[in-house]
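Each reported figure results from applying straightforward, stated rules to the coordinates on display, with no laboratory input. Owing to the predicted nature of the structure, the values given are computational and were not obtained by experimental measurement.
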Amino acid sequence: MGDSDHRPDRGPSRRRSVQGPSTNGKARCRPIWTSCCWYKCYIKDVRFEFERSKSRDVKRKHGVSLKEAREIFDQAYLVDQKNDDPEQFRAIGWCGGRLCSVVFEIRHDADGEYYHLVTAWRATQEEEQSYAENV
């Protein structure tokens, strides 16, 4: 990624970078336009919440748990908006040595913003292609 796209030492460039799904200033994202609006993101200090029983069910059904899916947010990943009501986002990135997707909601409590993980799965071929083209 070129210096005009992202400057980790000085924050996002004014020309092309935009704030991504996080509005608290902790995300640095830039839009990547394909058939929809993708954001390549890097998040620091994010909190996660999910139901343990749901994580086990997701692991059994899709081969990746919600606990494992948190790893997606540790490195560059793509984000797009999945639903408007409730507002949900899909992130595609690496966890457990494989490309995966996770659906999450941005929620708030007394301590601030956190990500509520809804479901996760191994990336589809279409998701793998989008990730390869944009990251």
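Annotations for the structure displayed:
- Close amide-amide hydrogen proximity is noted between Tyr77 and Cys41, each under 5 Å apart and 5 or more residues distant or on a separate chain (H modeled in the peptide plane; Pro and chain starts excluded).
- ³J(HN,Hα), Karplus 6.51/-1.76/1.60, whole Hz, each residue of segment 87-104, x for Gly, Pro: 5, 10, 10, 10, 10, 10, x, 8, 8, x, x, 9, 7, 9, 10, 9, 9, 9
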